[in-house]
Amino acid sequence: YMGEKKKKEILFRIIMLSAIRRNNSLSSYLRVAQRYSSDSAPLLKTPLHDIHVALGAKMVPFAGYSMPVQYPNGLIHEHTHCRSSASLFDVAHMGPTRIVGKDALEFLETVIVADLQALGAGKASLSLITNPNGGIIDDCIVSKISNERFFLVLNAGCKEKDTAHILQAMKSFTAKGKQVSFETLHETCLIALQGPTANRVLASLAPKVDVTQIPFMGVLDMELAGFKTFVSRSGYTGEDGFEIAVDNAHACALWEKLSAQKGVEAAGLGARDSLRLEAGLCLYGNDIDDNTTPNEAGLLWTISNRRREAGGFPGADVVKQQIKDGVKRKRVGLVIDKVPTRAHTRIFDAQGNDIGEVTSGSPSPTLGGKPIAMGYVSTEHSKTGTALKVRVRNKDVDCVVSKMPFVPTKYYKP
């Protein structure tokens with residue numbers, strides 16, 4: 001006799017393994033990795049590389065780095081563990097930068113869409129770097145230390161083009177006598193601690209700080225396990241958690257301190273991808289790119305009313321016009337009937353008309369293996385509950401437009 005719970009678990013594992021064979025699972029990160037990695041260039045290593053190897057991680061090329069995609073327990077375990085306890089992610093391949101100077105706030109508002117005047121000191125925000133056509137060059141996290149000091153984290157696959165773009169804009173800005181400087185923090189390692197018990201873990205290593213008073217997207221300098229760190233209450237999983245910046249020289253020691261806490265386990269890029277998809281979060285290069293506007297991507301909320309009216313960032317006129325006229329396509333969530341799908345799968349309406357494309361897709365571990373996806377469809381088909389079809393291996397599969405996140409987020413509020 002086999003209980004229903006066990007049957008569902010076995011069925012889910014069969015679905016996930018089948019999806020991996022068809023390159024549907026783990027595909028989002030790996031496809032983006034191929035796009036941004038060079039076959040000829042030697043892979044870089046994060047300060048935590050040797051720890052991953054010692055843990056038996058499967059290492060893959062990603063954005064020019066050798067990164068852990070999963071550990072011996074596998075993607076499903078890592079995913080569900082993060083949803084129930086606390087997981088550590090190596091995100092040292094990302095691009096931490098610092099922008100400082102008397103005119104830092106004014107300059108940044110010419111590059112990103114965030115309302116930095118309204119953003120309080122000690123707070124962070126998701127923002128977008130845009131081009132003159134309103135397209136998204138990258139999404140980023142900007143932290144405001146003061147009006148003259150900002151911490152900006154760029155995506156791994158975009159940090160070189162982002163840096164070139166920012167420096168070019170800065171050249172024109174400083175030519176007018178303005179004071180601002182930009183620095184890539186090469187000696188800084190980023191570690192993400194994510195999950196419902198992340199608060200307890202961090203508190204145990206930071207006795208001088210009342211962690212319960214750090215709000216979602218709050219940032220501060222703090223001593224953690226005896227090391228100087230810069231911590232933000234943020235992440236890419238939909239769970240409560242923290243992203244920690246620490247000197248490269250102390251990264252391994254801090255990782256070991258964190259991983260030694262009860263219930264903490266390492267997780268790789270595969271789980272990071274499935275977690276962010278359940279949370280409805282975009283992956284640059286898949287779900288947003290240079291040809292996607294904030295309006296189309298459902299990211300207009302990153303632009304305040306003041307910035308929509310005043311503009312001042314590249315493509316502001318395009319964004320404003322699209323607010324007035326609407327857009328032809330929108331990013332939506334999809335729940336699919338039984339068959340997992342992948343990026344570039346075409347989407348059709350009930351009459352068989354091609355109306356869009358999937359940008360990310362995977363079975364959802366939290367939802368028992370139910371296939372989920374996000375993509376772009378024509379605006380008239382973007383309403384929640386609309387019945388559509390995706391074409392998988394020349395067969396039409398039923399799906400329905402769904403609200404995102406697929407799994408409720410658990411961001412912390414004091």
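Of the residues 366, 97, ranked by 1.4 Å probe accessible area with the largest first, the sequence reads 366, 97. Counting only trypsin sites (Lys or Arg not before Pro) that sit in a DSSP loop (anything but H, G, I, E, B) with at most 13 other Cβ atoms within 10 Å, what is the longest stretch of the chain containing none of them? Of all site-free stretches, the longest is 1-101.
Per residue, the convex hull around the alpha carbon atoms of the chain comes to 153 Å³. Hey, how many Å between the Cα centroid of the range 155-210 and the Cα centroid of the range 82-138? If we compute the Cα centre of each part, the gap is 8 Å.
Indicate the helices, whole DSSP H runs only, in the chain that combine a mean Kyte-Doolittle hydropathy of -1.0 or more with a Cα extent along their long axis of 24 angstrom or more. Could you put the intermediate results ahead of the total?
Numbers: long enough: 4-21 (26 Å, -0.02).
Span-like helices here: 4-21.
Remark on the range 198-334: hydrodynamic radius 17.9 angstrom, per the Kirkwood mean of 1/r across alpha carbon pairs. When the charge dipole of the chain is built from unit charges on Cβ atoms (+1 for Lys and Arg, -1 for Asp and Glu) and taken about the Cα centre, the candidate among 92, 157, 236 whose Cα reaches farthest toward its positive end is 236. Residues considered: 172, 234, 304. Largest GNM mean-square fluctuation over the chain, using C-alpha springs under 10 Å, is found at 172.
Can you tell which of 348, 327, 313 lies farthest toward the positive end of the dipole of the range 310-350, using +1 and -1 charges on the Cβ of basic and acidic side chains (Lys, Arg; Asp, Glu)? Highest projection toward the positive end goes to 348.
Counting only DSSP H runs of at least 4 residues, each contributing -39500 (n - 2.57), and dividing by the residue count of the chain, the helix-based mean residue ellipticity at 222 nm comes to -8000 deg cm²/dmol. Charging the Cβ of each Asp and Glu at -1 and of each Lys and Arg at +1, and nothing else, the dipole of the chain about its Cα centre rounds to 980 debye. When nucleic acids and ligands are ignored and a 1.4 Å probe is applied, residue 336 ends up with an accessible area of around 10 Å².
The values are calculated or read from the model by the stated rules, or taken from the named source; none is laboratory data. Please read these numbers as outputs of a predicted model, since none were measured by experiment. Here Cβ is always computed from backbone atoms with ideal geometry, including for glycine, and neighbour counts include all displayed protein chains. Only protein heavy atoms, including side chains, enter the accessible area calculation; ligands, DNA and RNA are left aside. Shrake-Rupley method; radii C 1.70, N 1.55, O 1.52, S 1.80 Å.
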